[in-house]
Amino acid sequence: MEPGWLEKRPSDVPLVVLDTETTGLYPGLGHRVVEIGAVRLENWQEVGQISTLIQPGRKMDPKASSVNGITDGDLLAQPTFSQIATELLALLDGAVIVAHNAEFDAGFLGQELLIHGWQMGGAPGVLANPWLCTLQLARRHFHFGRNNLGHIAAHLGVRMGRAHRALNDVYMTAEILKRMVRTLEQRRLTTMGDLLHAQGAPIYAPAIVPPLPDVVAAALRNGRNLRILYQGQNGESKREITLLYPSQHQGVIYLVAYCHQAHEQRTFRLDRIFSAELIE
C-alpha cells in the first residue's frame, strides 16, 4: 500500500471489489473456489477486471450448486487457481479488497494461496492486502432490516443482476459501497482509515501453515504417497493416499488427499492418523 493511504478518501485509494463462488462453505474441510470475479476501481472508475470459472479438482457440493447454479460439467475445461493466480495477484496489487461478507472470501482466497504455494513447490502465498467488508458496515452503521446483498441493493435502489454469480455480485457490491461511503461521509467518516475502523475487527487472508509430522511434510515436499492407518467413523482402516494439501478448520488440522481405496478426494483428520509411512 502507498504511504498515507489510511488518511486518503476512499475514492483516492485503489479498490478491488471481489466475490467468490465455491464448492461449499468451509475451505478448511477441502472446499474450493469455483468462480472468481474482481474489478479494480481507481477514483471509482473501472481500470481492470478478472472473471473466470475455476476447476477446483473436486466435485461441487449439491447444496452449493443449487445456490450458484454451477455444475461439475461447467468446470471441466476451466483453468485451475494456480493458472490464474498471477493475473489475480497483479490486479490486487496495492489495493484494498472489498467484499460483502469479506471473512468468507478472505478465508477461501487465503486457502487457495496456501494450496498454490504447495503446488508450486515453494512457501504458501500470503495476501497482505487490507479488506473492507460491506456486510460489516451494513450491520454496524445502517438499518436495512436484512443484510444480504440482494436486500441491501433493493433498499438502496441498486440495479441487480443474477444473484450468486461472482461478477454480478461484484458490481452490486461496488455500487452499494459508493452509496454507503456517501452516507458515512456525512457522519464525518471520510478516510479509508475511518471506514476500516468503522467495520470493526480487521479481516485478513492469511496462509495458515499447520505444523506437520516429518513423514507428512516429506510426502508433500517430494510428491510421495502415504500408507496410513486411519480411525474413521466405521473403525480403523488402512488407506493409501496422495496428499494434495494440509488445512485447518476450527483448530483441527486436516489432510486433503486423494484416497486410492475410495477413488475420490477425502479429508482426513491428522489426529486420527495412527501411523503413516512413505510408499516407495
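Apart from one condition, Ile241 fits all of (1) at pLDDT below 95; (2) closer than 21 Å to Arg32 by Cβ; the exception is (1). One residue alone among Ile70, Ile50, Ile97 is surrounded by 18 or more Cβ atoms within 10 Å (Cβ to Cβ), touching a residue at least 12 places away in the same chain (Cβ under 8 Å) and in contact with a Gly (Cβ under 8 Å, 6 or more places away or on another chain), and that residue is Ile50.
Taken across region 172-185, residues that are in contact with a Gly (Cβ under 8 Å, 6 or more places away or on another chain), outside the structural domain of Phe274 (by TED's automatic domain parsing) and in a loop (DSSP other than H, G, I, E, B) do not occur at all. The listed residues are Thr242, Thr267, Thr183, and the only one of them that is within 22 Å of His100 (Cβ to Cβ), touching a residue at least 12 places away in the same chain (Cβ under 8 Å) and not basic (Lys, Arg) turns out to be Thr183.
Would you mind stating whether Ser82 is touching a His at 6+ places or on another chain (Cβ under 9 Å), among the polar types (S, T, N, Q), at pLDDT below 95 and farther than 25 Å from Gly193 by Cα? The answer is yes for Ser82.
Within region 9-65, being under 30 Å from Thr190 (Cβ atoms) and of a type in the set (Gly, Ala, Ser) holds for Ser11, Gly37, Ala38, Gly48. For region 182-203, the criterion of a residue being of a type in the set (Asp, Glu), surrounded by fewer than 18 Cβ atoms within 10 Å (Cβ to Cβ) and modelled with pLDDT under 95 is satisfied by no position. Of the helices (runs of 4 or more DSSP H) that lie entirely inside region 24-132, those containing 3 or more residues that are acidic (Asp, Glu) span 102-119.
Return the pair list, or none, for Cβ contacts closer than 7 Å from residues in region 1-27 that are in the same structural domain as Lys178 (by TED's automatic domain parsing) to residues that are of a type in the set (Lys, Arg) and part of a strand (DSSP E or B), at least 6 apart or on different chains. Going by the 7 Å Cβ cut-off, the qualifying pairs are Pro14/Arg40; Val16/Arg40.
The values are calculated or read from the model by the stated rules, or taken from the named source; none is laboratory data. Just so you know, these numbers come straight off a predicted model, no measurement behind them. For neighbour counting, all protein chains shown are included, and Cβ atoms are generated from backbone atoms with ideal geometry for every residue, glycine included.
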